[in-house]
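Please read the structure below before turning to the comments.
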Amino acid sequence: DRHLPYPPSAPLQKLPKTPSGAQVREPTNDQLYAIAIHQAIPFIGFGIMDNSILLLAGEAIDTTLGVTLGISTMCAAAIGNIISDVAGVGFGTIIEETVQIWATRIEKMSGGRLKLPPLPDFNMEQRALRSVRWSSQMGCAVGLTIGCVIGMFPLLFFDDEGVKEKKHHHYCEEEMKRKVETDGVEPRPVTGKKLGAQTETEQHLSDSTGSSSNLDT
């Protein structure tokens, strides 16, 4: 983070310091605003990428492994979150560099009318001020929130009913196989087409249950 204090391992002799006995100068509101803006913009891109990858990966897992293995939607979302976090770590630097490149291009195309405020040149003590750290963290939080809201756009293209129907169809097929193994009921070809309020799988499953009950009586 360019706006937070350097880590303890950094060579302190290379960092600018406030002269001994001098009071640390508080940053102005414009300087705090510049810090927040420079932190927020890259995190908008990160939020878009993080949330969109999470949703796309979670949906893909839910429609494949979720149907085959019967895992829950929340489990698929958790796996998708792992994928999106790994992608965020890998592409975080690329997002920052892309933002800087486009900020320079936009400034040139607009003739200097649209440009980011310059970063203040703080010394080590100023970087450690609570106001500076708070502005940096608030910029990250606001940018990430905006990016995550924008990154929810894949939800517009998901077919939730189709996934539920696939899972239910797979469940009925598994139940039918179990009935065949335990009760010896002969299966018939199943297409999954609707038969009134039931699918053929559900109808066959209910018929098998009824016939096995009659055999028991």
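Just so it is clear, none of the values below were taken in a lab; they were calculated from the coordinates. This structure is a prediction, so every number in the text was calculated from the model and none was measured.
Quick notes on this one:
- The stretch 126-175 versus the stretch 44-68: alpha-carbon centroid distance in Å: 9 Å
- Taking 0.36 nm per residue of sequence separation and removing the Cα-Cα distance, the I94/A141 pair yields an extension gain of 15.0 nm.
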